[in-house]
Amino acid sequence: MKENGQKRAGGQGGKRPRQAARPQAGPRRRQERRQEGNVAANGLPQCPVARQCGACQHVNQPYDQQLAAKDERVAQLFSQVAGPEALRSILGMRDPYAYRNKVMSPFAPGAPRKAAPGKRGGGKRPSRPASPQRDILCGMYAAGTHRIIDTGECLIENAQAKQVIRTVRSLMLKFGIPPYDEDRGTGFMRHAVVRVGHTTGEVLVTLVTNGQQFPGAKSFCRELVRRCPFITTVVQNINERQTNVVLGQREQVLYGPGFILDKLCGLSFRISSQSFYQVNSVQTEVLYRQAIELAGFTGAEHAIDAYCGTGTIGLVAASMGAAQVTGVDCVESSIRDARQNARHNGVDNARFAVADAGAFMRDMAAQAAAAGRAGTDEEGRPLVLLMDPPRAGSTEEFLRAAVQLAPERIAYISCNPETQVRDLGFLKQFGYGVRTVQPVDMFPHTDHIETIALIECM
Ligand SMILES: C[S@@+](CC[C@H](N)C(=O)[O-])C[C@H]1O[C@@H](n2cnc3c(N)ncnc32)[C@H](O)[C@@H]1O
């Protein structure tokens, strides 16, 4: 049994005891939720805005039922490419609440504000900026819309991060900073994005603004940190485009070092505002350990970490038995972070490249073919492919090159089992069969399923 209860009694692949995966929030947390008034008669925390928000489709359903439904869905989807003996039961969380380490909120003009009594005309000039005429909305977009609903009591978001969002809103009112109006392209504060280092407690706040000039930025930050002393760094990100993309390209650090650190599987990772970092840290550790275990490193292999982001899986593999790691991702800042992460952790057997993963694999395959080798690198080390593509899955170019490179094993991590099954079907035509499918619940209360498939040449 794992520390946080993800692995169930009875081992992998066995029938899951119904009770084992129930949320086991401690008595103090249950008490807090009761005080928040969010607990139903059956003892389950209830989300007051579940219907309007739509992000957590199953939040008011018992967690063990959610897990059972995900197992069924995986069995259905993978029946096309894997036998039932390959399927393991999903690894759930012991406490499936407040798991999101990244919390984001847009700001928008709300209803007109009533003037406070005694503050109407004629008095002394205010010593600070006039309060905005309208209220400020923050929270989450209702599913499929740009209507903001107040998700102050969200059950899956980190509570400190939520507190920061609300503090930014109240400071905007205090400092007279207008929220962005997306219809008109006017106003200043567009979003706040808060990231929390799960193990370090470090907190990065990114304030996304419509313009660079941030009058009173120093006082704003000072007051923000005074009210939320756990904040370790604040960054201003400038986004002047009329777009749904949250972050712009330019940034300046307003407070602290401009990044936070977090620990995963014994290594330390640097997270900046633009880096991809999994949002559920507890389950990321479970996911990575499972993927590395399935990949079966013995100390001799060369791991290709395709779609590597900031190099997290590859660096963990390097510290857990891979002799050499080559990571590739198309985002330059992610690769910068990956190299920095390797240095910072003293890992010297990993190198990283900025490239399209398909093109990179095609070049690798061409070099291997020219040298007349398959399944090994230039030093004769067996190849193992770790791949973790975005929701759209991989590409035919990538998969064809993977087949040509002929790795011993492929550990394919996916946040979208539908595209994963499509890709596995493609690999099957070339003799690669699915040995094991391990689902991990990275997003409790939602429809999302994360799966690791171990694929081998049969
Ligand atoms: C699901 S994330 C996985 C990141 C990383 N493995 C992790 O666990 O943090 C997918 C990654 O694929 C990268 N990506 C998307 N399309 C790509 C492409 N065509 N070539 C290379 N990388 C790509 C994204 O930048 C992102 O970092």
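Within segment 199-253, the set of residues being under 19 Å from Met104 (Cβ atoms) and small (Gly, Ala, Ser) comprises Gly248 only.
Only residues that are in contact with a Pro (Cβ under 8 Å, 6 or more places away or on another chain) and within 10 Å of the ligand (Cβ to nearest atom) were counted across segment 328-377, and they come to 1. Exactly one residue out of Val325, Val384 is β-branched (Val, Ile, Thr), more than 14 Å from the ligand (Cβ to nearest atom) and part of a strand (DSSP E or B): that is Val384. Taken as a whole, the structure places Ala303 among residues that are within 21 Å of Ile455 (Cα to Cα) and either more than 10 Å from the ligand (Cβ to nearest atom) or at pLDDT below 95 (or both). Would you say Ala392 is of a type in the set (A, V, I, L, M) and either open to solvent by less than 30 Å² (accessible area, probe 1.4 Å) or more than 10 Å from the ligand (Cβ to nearest atom) (or both)? The answer is no for Ala392. Of all the residues in segment 217-243, those that are open to solvent by 50 Å² or more (accessible area, probe 1.4 Å) and among the acidic types (Asp, Glu) number 1. Quick one: in segment 92-125, which of the residues that are among the aliphatic types (A, V, I, L, M) and in a loop (DSSP other than H, G, I, E, B) is modelled with the lowest pLDDT? It comes out as Ala116.
Checked against (1) more than 12 Å from the ligand (Cβ to nearest atom); (2) within 22 Å of Gly197 (Cβ to Cβ), Thr310 passes all but condition (1). As a summary of the residue check, Met442 satisfies the conditions (1) touching a Cys at 6+ places or on another chain (Cβ under 9 Å); (2) of a type in the set (A, V, I, L, M); (3) open to solvent by less than 10 Å² (accessible area, probe 1.4 Å); (4) without any contact (Cβ under 8 Å) to a residue 60 or more places away in the chain except for the one numbered (4). If you filter segment 414-439 down to residues that are within 20 Å of the chain's Cα centre (by Cα) and surrounded by 23 or more Cβ atoms within 10 Å (Cβ to Cβ), you find that the one that is farthest from Pro96 (Cα to Cα) is Gln420. Screening Val194 with (1) modelled with pLDDT of 95 or more; (2) of a type in the set (A, V, I, L, M); (3) more than 15 Å from the chain's Cα centre (by Cα) gives one miss only, at (3).
Yes or no: segment 186-204 includes at least one residue that is open to solvent by 40 Å² or more (accessible area, probe 1.4 Å), part of a strand (DSSP E or B), in contact with a Leu (Cβ under 7 Å, 6 or more places away or on another chain) and within 16 Å of the ligand (Cβ to nearest atom). No, every residue in segment 186-204 fails to be open to solvent by 40 Å² or more (accessible area, probe 1.4 Å), part of a strand (DSSP E or B), in contact with a Leu (Cβ under 7 Å, 6 or more places away or on another chain) and within 16 Å of the ligand (Cβ to nearest atom). Quick one: would you say Asn42 is outside any strand (DSSP E or B), at pLDDT below 85, touching a Cys at 6+ places or on another chain (Cβ under 8 Å) and not assigned by TED's automatic domain parsing to the domain that holds His146? Criteria not met by Asn42. Only a single item in (1) at pLDDT 95 or above; (2) surrounded by fewer than 18 Cβ atoms within 10 Å (Cβ to Cβ) is not met by Phe214, and it is number (2). For Ser273, state whether it is under 19 Å from the mean Cα position of the chain (by Cα), more than 12 Å from the ligand (Cβ to nearest atom) and either of a type in the set (Ser, Thr, Tyr) or open to solvent by less than 40 Å² (accessible area, probe 1.4 Å) (or both). Criteria met by Ser273. Evaluation of Gln249 against the conditions (1) open to solvent by 10 Å² or more (accessible area, probe 1.4 Å); (2) over 26 Å from His445 (Cβ atoms); (3) within 14 Å of the ligand (Cβ to nearest atom) shows that the sole unmet condition is (3).
Among residues of segment 351-362 that are assigned by TED's automatic domain parsing to the domain that holds Glu396 and open to solvent by 30 Å² or more (accessible area, probe 1.4 Å), those with a beta-carbon under 6 Å from a residue that is near the ligand (Cβ under 7 Å from one of its atoms) and not aromatic (Phe, Trp, Tyr) at least six positions away or on a different chain give the pairs Asp356/Cys330; Phe360/Val328. Within segment 153-175, being over 18 Å from Val49 (Cβ atoms) and open to solvent by 30 Å² or more (accessible area, probe 1.4 Å) holds for Gln160, Ser170, Lys174, Phe175. Exactly one residue out of Ile238, Ile271, Ile260 is out of contact with any Leu (no Cβ under 8 Å at 6 or more places or on another chain) and more than 21 Å from Ser170 (Cβ to Cβ): that is Ile238. Among the conditions (1) in a loop (DSSP other than H, G, I, E, B); (2) over 18 Å from Ser268 (Cβ atoms); (3) touching a residue at least 24 places away in the same chain (Cβ under 8 Å), the only one that Glu378 does not satisfy is (3). Could you count how many residues in segment 56-82 are of a type in the set (A, V, I, L, M), touching a residue at least 60 places away in the same chain (Cβ under 8 Å) and part of a helix (DSSP H, G or I)? Residues in segment 56-82 being of a type in the set (A, V, I, L, M), touching a residue at least 60 places away in the same chain (Cβ under 8 Å) and part of a helix (DSSP H, G or I): 3 in total.
The values are calculated or read from the model by the stated rules, or taken from the named source; none is laboratory data. These numbers come from a predicted model, not from an experiment. Neighbour counts are summed over all protein chains in view; Cβ atoms, including those assigned to glycine, are modelled from backbone coordinates with ideal geometry. The area values use the complete protein model at the heavy-atom level, side chains included, leaving out ligands, DNA and RNA. Shrake-Rupley method; radii C 1.70, N 1.55, O 1.52, S 1.80 Å.
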